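Let me begin by presenting the structure, written as structure tokens, before commenting on it.
The values are calculated or read from the model by the stated rules, or taken from the named source; none is laboratory data. Keep in mind the model is a prediction, meaning the values are calculated, not measured. No Cβ is skipped: glycine too gets one built from the backbone with ideal geometry, and neighbour counts run over all protein chains shown.
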Amino acid sequence: MTADRDPRTDLKGMTLPEMESFFTRWGKERYRARQVSRWVYRKYVEDFDMMTDLSREFRGVLSEVCRISASGAERVEVSADGTEKYLFRLGDGESVESVLIPDEDRRTLCISSQVGCALACGFCATGAMGFRRNMTSAEIIHQACFAARRLAGRGELLSNVVFMGMGEPLRNAAEVSRAIEILLSQYGFVLPGKRVTVSTAGILPEMAAMAERFPVSFAVSVNAPRDEIRSLLMPVNRKYPLRELIAAMRRIPLQSGRKVTAEYVLLQGVNDAPGDAEALARLLQGARIKVNLIPFNPHEEAAYRAPSREAVDRFRTVLLSAGIQTITRERRGGDIRAACGQLRAACGGKRG
Ligand code: SF4
């Protein structure tokens, strides 16, 4: 994905203000940044020679000092239902995955923000691999450039981006914020905030800061109605327990008609009883929160089992009767282990 030993400055991953200050410090005109950023983020161009509104001479100077890291995927797999999974090799040999999910008029890209993850959620295969490193904004935005360019080639548009791939995005908030700015901006992907979703295990200070800064959507992994169970599944609960988590979710500023999503991975015999659904309904009562039920999708390292169909339906019925908007997430791309699931190698269970 990146040629890390290349001494030239990588423009990919820079926001427009960052690019402007880079050009200004370099003694070039500020408006150059807007020209270049549009080529990189609107047209997904990675070769200065293709930037036809720049003079040949300036393109030559640019390519001596700067580069735009290229965004080819090492492997692309396409599922029978149209879901696509991309494997990206990073400059240091690490790899991450993204999944593109087509659904009627939507084209949703599930992207990664870290290599591995330190939060060690018990049902998650990414958690099992441990934390390797944070991704740079270039590596994060690269996933969107690759998918958008591929879609553009067939006359389609990238419509949604979800940070539900590998990693906890709010543990890499600075780089993720730069990527989000590019996704939302006019010089970038021009995505409405409601179409960019940050999925988090609930890192509360960063969640509040991100919600203040960007009008993005939030999907928070709740996964249990009681601290004993949640701490067992998600060690981060010891730092940010349920009561504080739900209170923080209630404080997220929302435009009218929008809700925060509570993600709930159903695990057989752990958190899928009707009593758990009732306790969850009490926790969420009166909040602008909807629930996404995710029947666990077992992966190799998993110590948990998938819930029965009846348990899933019963859980959903309890929440619906309490007036809580609830959907059960349908599994996509199962034949290529892409269920935004085996992705977080985890979402294996988490995003099944
Ligand atoms: S579920 Fe998310 S936060 Fe938890 S270990 Fe997996 S990637 Fe990390």
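Some notes on this structure:
- Restricting attention to region 60-80 and to residues that are surrounded by 14 or more Cβ atoms within 10 Å (Cβ to Cβ) and aliphatic (A, V, I, L, M), the residue that is nearest to Ser95 (Cα to Cα) turns out to be Ala73.
- Filter pass, Arg89 being of a type in the set (Lys, Arg), surrounded by fewer than 20 Cβ atoms within 10 Å (Cβ to Cβ) and in the same structural domain as Ile111 (by TED's automatic domain parsing): yes
- Candidate set from region 247-267 (those that are small (Gly, Ala, Ser) and outside any helix (DSSP H, G or I)); member that is surrounded by the most Cβ atoms within 10 Å (Cβ to Cβ): Ala262
- For region 197-209, taking the residues that are buried (at least 21 other Cβ atoms within 10 Å of the Cβ) and away from the ligand (no atom under 11 Å from the Cβ), the one that is farthest from the chain's Cα centre (by Cα) is identified as Met207.
- Glu77 vs. criteria in contact (Cβ under 8 Å) with a residue 60 or more places away in the chain, closer than 17 Å to Pro169 by Cβ and charged (D, E, K, R): no
- Check on Phe163, of a type outside the set (Lys, Arg), out of contact with any Leu (no Cβ under 8 Å at 6 or more places or on another chain), closer than 20 Å to Leu204 by Cα and surrounded by 22 or more Cβ atoms within 10 Å (Cβ to Cβ): yes
- Residue count for region 97-110, restricted to those that are within 15 Å of the ligand (Cβ to nearest atom) and either more than 14 Å from the chain's Cα centre (by Cα) or under 11 Å from Met135 (Cα atoms) (or both): 0
- Matching residues in region 112-122 - criterion: being near the ligand (Cβ under 7 Å from one of its atoms) and over 17 Å from Tyr240 (Cβ atoms): none
- Matching residues in region 176-188 - criterion: being more than 16 Å from the ligand (Cβ to nearest atom) and either within 27 Å of Cys121 (Cα to Cα) or surrounded by fewer than 21 Cβ atoms within 10 Å (Cβ to Cβ) (or both): Ser177, Arg178, Ala179, Ile180, Glu181, Leu184, Ser185, Gln186, Tyr187
- Residue satisfying condition, being in the same structural domain as Val260 (by TED's automatic domain parsing), away from the ligand (no atom under 16 Å from the Cβ) and either within 23 Å of Ala125 (Cβ to Cβ) or modelled with pLDDT under 95 (or both), within set Glu330, Glu278, Glu310: Glu330
- Verdict on Leu183 being under 18 Å from Thr15 (Cα atoms), touching a residue at least 40 places away in the same chain (Cβ under 8 Å), among the hydrophobic types (A, V, I, L, M, F, W, C) and assigned to a helix (DSSP H, G or I): yes
- For Gly188, the criteria (1) on the phi < 0 side of the Ramachandran plot; (2) of a type outside the set (Lys, Arg); (3) touching a strand residue (DSSP E or B) at 6+ places or on another chain (Cβ under 8 Å) hold in every case but one, which is (3).
- Pairs where the first residue, in region 222-237, is touching a residue at least 24 places away in the same chain (Cβ under 8 Å) and more than 18 Å from Tyr304 (Cα to Cα) and the second is within 12 Å of the ligand (Cβ to nearest atom) and not in a helix (DSSP H, G or I), C-beta under 6 Å, 6+ apart: Val236/Leu119; Val236/Ala201
- Selection from region 220-246 of residues that are surrounded by 19 or more Cβ atoms within 10 Å (Cβ to Cβ), within 16 Å of the ligand (Cβ to nearest atom) and not in a helix (DSSP H, G or I): Val220, Ser221, Val222, Asn223, Ala224, Met234
- Annotation: Asn134 fulfils all but one of (1) within 14 Å of the ligand (Cβ to nearest atom); (2) farther than 21 Å from Glu18 by Cα; the unmet one is (2).
- Note on region 87-96: residues that are away from the ligand (no atom under 12 Å from the Cβ) and in a strand (DSSP E or B) total 4.
- Contact map, region 109-129: residues that are farther than 28 Å from Val78 by Cβ paired with residues that are part of a strand (DSSP E or B) and near the ligand (Cβ under 9 Å from one of its atoms), Cβ distance under 7 Å, separation 6+ or inter-chain. Pairs shown: Ala118/Phe131.
- Scanning region 111-146 for residues being farther than 18 Å from Ala174 by Cα and in contact with a Phe, Trp or Tyr (Cβ under 8 Å, 6 or more places away or on another chain) gives a total of 4.
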